[in-house]
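The values are calculated or read from the model by the stated rules, or taken from the named source; none is laboratory data. Everything quoted here is computed from the prediction, not taken from an experiment. Cβ placement follows ideal geometry from the backbone for every residue including glycine, while neighbour counts extend to all protein chains displayed.
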């Protein structure tokens, strides 16, 4: 009887030991799962803080650069308007194989000077001749874009300034441009 009880106690202890080992193994697995979850949460939180920090630094950098660009701009009053000398309208054709019609009204801008105005009046015919020659040498493509028109005004200005003595033309204004 004593031996039988002893065997029963040993069996009960073994069963409890097996259960405790299973329970300890199960609790270890639960702990490792919790640790993994906590590590992921901590990693996510660190990642969020890192993203916020980088965003802050980038925004600060961009604002500083924008401020520097705004500080480089010097506000100056606009220059006084130039005096102008209006020329009659020019009508001509282009040098293309199939000529296009071109009509322009030109005004010459210069610094206000009575001698310059008098010289422009005296040389009106000569200035018209120069502009007509320049316009006749252009093709439709050379009067087609804004860039080409600006080049045309610079060319006219350069050729007219060669013949002037009392001053120089500062700007060539096109009051009207029609090219068909």
### Query
Quick one: in the range 76-109, which of the residues that are part of a loop (DSSP other than H, G, I, E, B) and surrounded by 15 or more Cβ atoms within 10 Å (Cβ to Cβ) is nearest to the chain's Cα centre (by Cα)?
82
### Message
Kindly evaluate residue 112 against the criterion of being under 12 Å from residue 85 (Cβ atoms), under 39 Å from the mean Cα position of the chain (by Cα) and surrounded by fewer than 16 Cβ atoms within 10 Å (Cβ to Cβ).
### Response
yes
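Going by the structure shown, is residue 170 in the same structural domain as residue 90 (by TED's automatic domain parsing), in contact with a strand residue (DSSP E or B) (Cβ under 8 Å, 6 or more places away or on another chain) and within 17 Å of residue 89 (Cα to Cα)?
no
For the condition in a helix (DSSP H, G or I) and without any contact (Cβ under 8 Å) to a residue 24 or more places away in the chain, what is the one hit in 119, 148? Lay out the reasoning, then the answer.
Values: 119 fails: without any contact (Cβ under 8 Å) to a residue 24 or more places away in the chain.
Among 119, 148, only 148 is in a helix (DSSP H, G or I) and without any contact (Cβ under 8 Å) to a residue 24 or more places away in the chain.
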### So residue 127, is it under 38 Å from the mean Cα position of the chain (by Cα) and part of a helix (DSSP H, G or I)
no
